[in-house]
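The values are calculated or read from the model by the stated rules, or taken from the named source; none is laboratory data. Because the structure is predicted, anything quoted here is derived from the model rather than measured. As a convention, Cβ positions derive from the backbone with ideal geometry for all residues, glycine included, and neighbour counts pool all protein chains shown. The protein model used for the area step is the full one, side chains on, heavy atoms only, and it has no ligands, DNA or RNA in it. Shrake-Rupley method; radii C 1.70, N 1.55, O 1.52, S 1.80 Å.
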Amino acid sequence: MSEPLGIYLKDHLGGAQVAVHLLEAMGNQNDEEKYREFAKRLLLDIQSDDDTLRKILGSIAEEPSHIKNAGGWLLETLARLKLGHTRSVGLDMFESLEILSLGIMGKRSLWRALAVVSKDDIRLGEYDFDTLLHRAEEQFELVEQERLGLAQQVFVLQD
């Protein structure tokens, strides 16, 4: 049976998989070059965070959950079918960016919690949670800038 920290990390790993799959689809299939490039740049950071999360799981002797990873893939696939973000710009893209924004906020919470726990758990001592937190905040600002810019285009009625 997994310890609570392992369960918590596996939950976040499942969420990270949603972001990875969403960004991969956006980067490969969006009609606009701007969003393809945006997705590809952000994907590198998200994959790096995903790798760090997997290392942390390994350092506490937990294996990633294949069920949660598959669940993350399934959620992303369903979201893509519903949102249709991969080929268009509009409400679908806005909602995709909002999903990413919310996920990054969750990741910020993860890094904050692990920073607190690392003071008493030597298995977490080697990780620089301040740097990870800073990177999550930069990712959030980047996504928010795109999301809010798109809000103007999507929600303002044109004459």
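Quick look at the values:
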item: So residue 85, is it at pLDDT 95 or above and either closer than 25 Å to residue 31 by Cβ or surrounded by 13 or more Cβ atoms within 10 Å (Cβ to Cβ) (or both); result: no
item: Condition met for residue 33 (of a type in the set (Asp, Glu) and farther than 16 Å from residue 124 by Cα); result: yes
item: Long-range neighbours under 9 Å by Cβ, at least six apart or interchain, first residue closer than 11 Å to residue 93 by Cα within the stretch 142-155, second open to solvent by 100 Å² or more (accessible area, probe 1.4 Å); result: 146/34
item: Counted residues, the stretch 24-64 - those being closer than 30 Å to residue 7 by Cβ and in contact with a Ser or Thr (Cβ under 7 Å, 6 or more places away or on another chain); result: 3
item: Residue list for the stretch 48-67, restricted to those being among the hydrophobic types (A, V, I, L, M, F, W, C) and modelled with pLDDT under 90; result: 60, 61, 67
item: Residue list for the stretch 22-47, filter: in contact with a Lys or Arg (Cβ under 8 Å, 6 or more places away or on another chain), open to solvent by 30 Å² or more (accessible area, probe 1.4 Å) and either at pLDDT 90 or above or within 16 Å of residue 101 (Cα to Cα) (or both); result: 45
item: Among residues of the stretch 95-128, those that are in contact with a helix residue (DSSP H, G or I) (Cβ under 7 Å, 6 or more places away or on another chain) and either over 22 Å from residue 141 (Cβ atoms) or open to solvent by 20 Å² or more (accessible area, probe 1.4 Å) (or both), counted; result: 16
